[in-house]
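K.L.:
Have a look at this one before I ask anything.
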Amino acid sequence: MAYYDFGADLGVEIVGFNSCEALDPMANQQHGSVGAAQLDRAEELLEATKGRNLFRIAAMHHHLMRPLGVPRDDISVMDDAELTLRWLALRHFQLVLHGHQHLDWQDVRELEGWWLSTVAGASAGVGSYGRSEWMLQLGYQVIVIDSPGSARRIRREYDPQTREWIPASKGASLQNLRFGSPPPLLLPTKNSPIDVFIMYAPKDRELRDELDTHLSVLCKAGLIRVHYRDSTDLGAVELERINELVESSGIFLVLVSADFIKSPYFDGPELKRALARTREGANRWPLVIPIYLRRCDWKQTALGALRGLPYDDMPIAPRDHDEHFAAVTHAIRTTIERLRSA
């Protein structure tokens with residue numbers, strides 16, 4: 001384990017964990033782990049900087065989770081990954097960096113009341129095997145810390161034809177990170193129904209209707225009112241009403257599929273404004289919740305930093321629709337009730 005205190009100059013401290021320490025070299029193990037001894041030692045070091053509010057970064061070799069949508073069977077997630085993630089969140093680390101499989105991706109999630117961002121190192125040093133076997137691009141990343149709770153990840157790759165560094169071709173070349181303690185939540189009105197605005201691709205209308213049917217129980221309970229835009233061709237009055245709903249809605253459900261990402265709704269003003277409102281509001285309101293409908297690489301889009309449903313990060317469409325739309329409805333009900341009791 002290594003520890004670096006850059007607090008005086010940069011306000012940063014870095015803990016480097018040896019995720020290979022517990023591996024048995026004779027057993028041909030690949031997954032690695034951090035182990036209790038390193039966590040205990042790190043605890044002692046962090047105690048000395050308690051109260052200084054330093055930006056905490058953890059670095060390790062192996063993966064802490066499996067990247068969503070990556071069709072590979074050699075992802076080496078650490079044996080104690082879940083324990084380590086929760087330990088990092090409880091010690092208020094903002095950022096986790098790792099490498100190993102040279103995949104360029106990120107994960108942002110709330111654990112133990114703390115937002116933690118995990119970023120995998122880009123394939124800047126990948127050899128010919130990785131480029132031919134997995135079609136990995138030579139690349140690098142720059143992470144710009146904008147505030148105590150947010151950052152931007154700038155992704156670049158090397159174009160061998162022009163011999164220039166260009167924006168990454170797979171996924172968004174600029175992605176958002178968030179970390180830190182969530183600000184207090186604020187409901188529009190304590191007991192009034194919350195406006196829920198659903199965004200979806202036309203090809204997913206049948207799935208939207210199924211979700212709408214399940215959400216009706218929340219409507220009848222007076223918890224929500226559901227709205228959506230059925231057409232890109234709206235008159236002035238209809239468009240004004242949509243704009244009003246985008247400004248007033250407390251929850252946005254984004255039905256994620258490849259068709260939605262391809263559609264004009266993904267780059268449209270409603271989603272952009274919803275995401276902008278989440279950044280502007282110091283109280284984390286409104287909530288933008290991706291609903292993972294059909295398999296696609298949505299974690300590499302502007303929605304990738306958001307915690308979506310279902311919680312297992314698996315698409316709904318190949319599975320029992322009623323079971324999983326009921327689970328989504330329950331999660332939304334639980335969220336609203338938790339906010340109202342706060």
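K.L.:
Viscosity 1.567 mPa s, temperature 4 °C: what is the translational diffusion coefficient of the range 256-342 from Stokes-Einstein with a Kirkwood Rh over Cα pairs, rounded to a whole number of µm²/s?
P.N.:
My calculation gives 92 µm²/s for D.
K.L.:
Next up: Averaged per residue, what accessible surface does the range 261-342 expose to a 1.4 Å probe, in Å²?
P.N.:
47
K.L.:
Here's something else I'd like to know. Please grab the % of Cα pairs in the range 300-342 that end up more than 16 Å from each other.
P.N.:
Summing the P(r) of the range 300-342 above 16 Å gives 48 percent of all pairs.
K.L.:
Right, something else. Modelled label-to-label distance, Ala48 and Glu206, 7 Å Cα→beta-carbon offset: nm?
P.N.:
Taking the two extended label points, one gets 6.3 nm.
K.L.:
If you add up the charges near Arg307, with Lys and Arg at +1 and Asp and Glu at -1, over every other residue whose beta carbon is less than 11 angstrom from its beta carbon, what do you get?
P.N.:
-1
K.L.:
Now for a different question. Could you work out the local net charge near Leu271, counting Lys and Arg as +1, Asp and Glu as -1, over the other residues with Cβ closer than 14 Å to its Cβ?
P.N.:
My count for the surroundings of Leu271 gives +3.
K.L.:
Excluding Asn53 itself, what net charge comes from residues whose Cβ is under 14 Å from its Cβ, given Lys and Arg +1 and Asp and Glu -1?
P.N.:
With Lys, Arg at +1 and Asp, Glu at -1, the net is +2.
K.L.:
Can you compute the modelled spin-label distance between Leu111 and Ile242, with each label point 7 Å from Cα toward Cβ, in nm?
P.N.:
Each label point lies 7 Å from its Cα, and together they span 3.9 nm.
The values are calculated or read from the model by the stated rules, or taken from the named source; none is laboratory data. Remember, predicted model here, so these are calculated numbers, not experimental data. In this analysis, Cβ positions are derived from the backbone assuming ideal geometry, glycine residues included, and neighbour counts consider all displayed protein chains. These area figures cover heavy atoms from the full protein model, side chains too; ligands, DNA and RNA do not enter into them. Shrake-Rupley method; radii C 1.70, N 1.55, O 1.52, S 1.80 Å.
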